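What follows is a single structure, written as structure tokens, with notes after it.
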Amino acid sequence: MVAEAEVMHQAAVPVLEVQYHRCVAKGVDEVVGMSAAAAVAAPAEVGVEVEVAVEVPQMGSDQSNGAPSVSVEMLQFVPNIRSGSFADIGPRRYMEDEHIRIDDLSAHLGSLLVCPLPSAFYGVFDGHGGPDAAAYMKRHAMRFLFEDSEFPQASNVDEIFLQSVENSVRRAFLQADLALADNMDISRSSGTTALTALVFGRQLLVANAGDCRAVLCRKGIAMEMSRDHRANYVEECERVAASGGYIEDGYLNGVLSVTRALGDWDMKTPSSSTSPLIAEPEFQQTTLTEDDEFLIMGCDGIWDVMTSQHAVSIVRRGLHQHDDPERCARELVMEAKRLETADNLTVIIVCFVSELSAPQQEQQARPRSCKSLSMEALCNLRSWLETDR
């Protein structure tokens with residue numbers, strides 16, 4: 001079932017009109033692209049108007065209205081957070097994905113959390129070996145993150161706060177992993193990847209264990225905020241080898257397609273020893289600016305069939321057209337299905353600006369320039385026309 005999302009207000013965007021002038025060259029001095037010898041024979045009174053299309057690059061809007069240029073430093077950007085999500089079973093028989101989407105974390109947790117505003121939390125959990133581990137994380141992720149891990153409390157963002165948040169998220173991942181081992185209702189062969197994103201003020205912190213991916217759109221350019229923990233990740237392969245594991249045909253120990261996950265306790269060694277499969281997350285952090293338009297969080301069913309830039313382009317085009325992140329998430333899932341993905345599909349789109357400005361419209365008429373022909377060129381043209389007749 002597809003949840004309907006309210007379409008945000010879309011302001012009308014004026015179409016820029018490109019001005020151009022018709023120019024008629026009257027003499028040989030204005031001939032373009034002709035040799036000097038050919039131009040000498042042309043009398044001054046001969047002028048023929050020939051229109052030649054000239055490409056004009058799109059330029060940014062000028063500041064003729066007197067508005068001053070405002071830098072990011074002068075204008076403290078505050079994210080305007082809104083989001084949408086969509087999940088689809090794809091070609092699989094069972095759905096093993098889960099996700100969490102909270103646009104106002106402070107309001108959601110109430111007195112449990114004092115944090116910089118705005119605040120938000122998102123999570124994507126891609127299960128394998130059955131849906132149990134991912135479903136468990138959806139039910140208990142908020143408890144592990146914000147209740148049991150002594151999450152830091154602060155009104156303002158600084159380096160100490162951010163480091164404390166990272167440490168808390170790391171503990172939450174590891175505690176959740178151990179809880180999956182202790183839960184007798186969950187199969188020891190069931191596991192899940194985990195990708196989370198936290199926003200506090202202008203700070204974005206992404207934690208990842210597995211092959212879900214977070215991609216930030218910065219002025220239309222895809223900026224990956226996580227790395228896929230798979231066999232093609234060289235540093236990860238080196239870690240696996242150092243811990244006594246191996247990669248066979250792209251699979252960890254010939255069994256699992258990821259090298260980090262929560263659960264999968266049939267593949268993990270006791271906590272006192274090093275295991276090739278770990279739940280330790282990797283972190284990436286950035287300070288959001290007005291150039292940062294939105295974040296895509298998706299399971300590997302998306303990234304198996306498209307690049308990060310392809311996904312960003314699809315979402316950006318959708319936001320320009322209808323400004324609805326929920327609809328963009330669905331469009332991205334539908335594109336992955338069209339490309340014949342073989343997996344479940346889950347996408348979260350998190351917007352950081354109230355509305356994307358529409359791309360400059362293509363001009364209805366291409367700007368043109370006029371050039372004169374020399375007498376020799378005119379004679380050649382007349383001869384060609386007469387011969388053709």
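Here are the numbers for the structure shown:
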quantity	calculated
Global size of the range 237-307 as Cα Rg and Dmax, reported in angstrom	16.0, 46
Contour excess over end-to-end distance, with Cα ends at residue 355 and residue 243 and 0.36 nm allotted per residue	35.5 nm
Contour minus Cα-Cα distance for residue 89 and residue 274 (0.36 nm per residue)	63.1 nm
Sequence-distant residues sharing a close amide H with residue 83 (under 5 Å, placed H)	351
Cut-off 19 Å (backbone N to label point 7 Å along Cα→Cβ of residue 117), residues of the range 280-301	none
Sites residue 334 and residue 286, calculated FRET efficiency, Cβ-Cβ separation with R0 25 Å, nearest 0.05	0.30
Highest-first arrangement of 344-352, 95-103, where packing means the average Cβ count within 10 Å	344-352, 95-103
Net charge, residue 220 excluded, C-beta distance under 14 Å - Lys, Arg +1, Asp, Glu -1	0
Packing-based order for 273-280, 196-203, using average beta carbon neighbours within 10 Å, highest first	196-203, 273-280
Rounded Å value of the spacing that divides the Cα centres of the range 153-216 and the range 269-327	14
Potential lengthening between residue 234 and residue 182 on full extension [0.36 nm per residue; Cα-Cα distance subtracted]	15.5 nm
Mean Cβ count within 10 Å, highest first, over the residues of peptides 130-139, 157-166	130-139, 157-166
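Throughout, read-outs are computed from the coordinates displayed, never taken from laboratory work. Small disclaimer: the values here were computed from a predicted structure and weren't measured. Positions of Cβ are generated from backbone atoms using ideal geometry, with glycine treated the same way; all protein chains shown enter the neighbour counts.
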